[in-house]
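Asks: Got a structure for you, written out below as structure tokens; questions coming shortly.
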Amino acid sequence: AATTALAADEPRSPDGRRYLSQPLTSEIYTADPSAHVFNGKIYVYPSHDVETDIPDDDLGNQYAMHDYRVLSMDRVGGPVKVHGVALDVKQVPWASQQMWAPDAAYKNGTYYLYFPARDKALDKNKLGTFRIGVATSKSPTGPFKAEPNPIPGSFSMDPAVFTDANGASYMYFGGIWGGQLQRWNNGKFDPNGSDTDLQQDDQPAISGKVVRLNADMKTFAEPVRDAVILDENGKPVLGGDHERRFFEASWVFKRGGKYYYTYSTGDTHFLNYAIGDNPYGPFTYKGHILKPVQGWTSHHSIIEHGGKWWLFYADTQRSNKNHLRNVKVTELKFAPDGSIPTIDPFLP
Ligand code: FUB
């Protein structure tokens, strides 16, 4: 009888499926988890989702977040602490709204928080161009102090910083649709550009971006490059290939000497991976990491801790609303050849 009662109480999706894992916290809504190991402990830098009346649209205006809170835990499965406000949009001189997916890095005694937000200066279409900012703190949980201006030369959103074994750090960033990458295709912002993609399905897809950071961790060291994803024939994945092309949510990690470029496919809701021999790519498409979760967005990070690899991701289990998400974690496995068996976010 006890087993039956437990099963009846188990949370299920609106269509009756059982979840693979449970939310890390029910104190606040969180998404886009960028996890890092600092001093042996796990810190997660998520978006802090908030309630809004703004209806869902292709630009993601319903993601109306205005601050960041950090989560920490000693190990996966241990108690999760939700820390105070790490940075609020009011403390960022150049930003107006939409504090979307952040990331963090550590170098020489300083923690860096990278975040996108809309520039206060409105473009002709009154959209507010996304830029990427940086803020610093002596503590991994903040509070962080923002630089007065966005990173020069930055645009679009979803920054993710990867530091290689030789100490060089690279920022991966960008996203199409509401992330505005399609508007930058000719090198400068096109206020009249498409709200979604280039609408050239038989041409190479828009690439996510990669750039090496200077030692100050606050400026780009070189012109921004394309992180190109190739298919099994060495040809760029095409814009119409929505199950494989880059949409947003870059995250890079290194394993067995290979660089794993991982990302979301947006409107087809997969997390994918592609493998390259250096941080700039090109990266060859390999497969899906995660099947679609409950909710529109899928955004993740991958770390190694306690001798295992972990996938941090998010769904909408607690709210069933696209803009009120909750962060989760599950183990990520590798086959002997380095490939990743696809994870189903629901139990069989
Ligand atoms: O959370 C707002 C935006 O939705 C993120 O920046 C994207 O990656 C998507 O998750």
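Asks: For the range 105-120, what are the residues that are away from the ligand (no atom under 15 Å from the Cβ) and assigned to a strand (DSSP E or B)? Please lay out each step first, then the result.
Replies: Taking the range 105-120 and keeping what is away from the ligand (no atom under 15 Å from the Cβ), we get 105-112, 119-120.
Selection gives A105, Y106, K107, T110, Y111, Y112, D119.
Asks: Just checking, does the range 305-321 include any residue being charged (D, E, K, R), out of contact with any Cys (no Cβ under 8 Å at 6 or more places or on another chain) and closer than 11 Å to I343 by Cβ? Steps first, answer last, please.
Replies: Let us first name the residues in the range 305-321 that are charged (D, E, K, R), namely 308, 315, 318, 321.
In the following step, the residues that additionally are out of contact with any Cys (no Cβ under 8 Å at 6 or more places or on another chain) were identified as 308, 315, 318, 321.
Subset that is closer than 11 Å to I343 by Cβ: none.
No - not one qualifying residue is present in the range 305-321.
Asks: So which strands (runs of 3 or more DSSP E) stay within the range 184-277 end to end and still have 3 or more residues that are away from the ligand (no atom under 16 Å from the Cβ)?
Replies: Correct list: 208-212, 248-255, 258-264, 271-276.
Asks: Would you be able to say whether some residue in the range 13-26 is in contact with a helix residue (DSSP H, G or I) (Cβ under 8 Å, 6 or more places away or on another chain) and at pLDDT 95 or above?
Replies: First, pick out the residues of the range 13-26 that are in contact with a helix residue (DSSP H, G or I) (Cβ under 8 Å, 6 or more places away or on another chain): none.
Looking for residues that are in contact with a helix residue (DSSP H, G or I) (Cβ under 8 Å, 6 or more places away or on another chain) and at pLDDT 95 or above, one finds none in the range 13-26, hence no.
Asks: Considering only the range 1-90, give the strands (runs of 3 or more DSSP E) lying wholly within it that have at least 2 residues that are in contact with an Asp or Glu (Cβ under 7 Å, 6 or more places away or on another chain) and farther than 17 Å from S137 by Cα.
Replies: Result: 29-38, 41-49.
Asks: From K218, K235, K254, grab the single residue that is of a type in the set (K, R) and more than 21 Å from the chain's Cα centre (by Cα). Before the answer, list the steps.
Replies: Values: K218 fails: more than 21 Å from the chain's Cα centre (by Cα); K254 fails: more than 21 Å from the chain's Cα centre (by Cα).
Being of a type in the set (K, R) and more than 21 Å from the chain's Cα centre (by Cα) holds for just one of K218, K235, K254, which is K235.
Asks: Out of S72, S26, S34, S47, report the one residue that is surrounded by fewer than 17 Cβ atoms within 10 Å (Cβ to Cβ), hydroxyl-bearing (S, T, Y) and in contact (Cβ under 8 Å) with a residue 24 or more places away in the chain. Steps first, answer last, please.
Replies: Working: S72 fails: surrounded by fewer than 17 Cβ atoms within 10 Å (Cβ to Cβ); S34 fails: surrounded by fewer than 17 Cβ atoms within 10 Å (Cβ to Cβ); S47 fails: surrounded by fewer than 17 Cβ atoms within 10 Å (Cβ to Cβ).
Just a single option satisfies the conditions, and that option is S26.
Asks: A further question follows. What do you reckon, is L324 aliphatic (A, V, I, L, M) and closer than 22 Å to Y45 by Cα? First the steps, then the outcome.
Replies: Values: aliphatic (A, V, I, L, M): yes; closer than 22 Å to Y45 by Cα: yes.
Yes: the conditions hold for L324.
Asks: Just the residues that are within 22 Å of R225 (Cβ to Cβ) and of a type in the set (S, T, N, Q), please, taken from the range 262-300.
Replies: T262, S264, T265, N272, N278, T284
Let's see how each residue does on (1) touching a strand residue (DSSP E or B) at 6+ places or on another chain (Cβ under 7 Å); (2) within 16 Å of the ligand (Cβ to nearest atom); (3) of a type in the set (D, E, K, R):
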position: P55; (1), (2), (3): no, yes, no
position: R69; (1), (2), (3): yes, yes, yes
position: Q91; (1), (2), (3): yes, no, no
position: P102; (1), (2), (3): yes, yes, no
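The values are calculated or read from the model by the stated rules, or taken from the named source; none is laboratory data. Quick caveat, the model's predicted, so the values are computed rather than measured. When we count neighbours, we look across all protein chains shown, and the Cβ atoms used for this are built from the backbone with ideal geometry, even at glycine.
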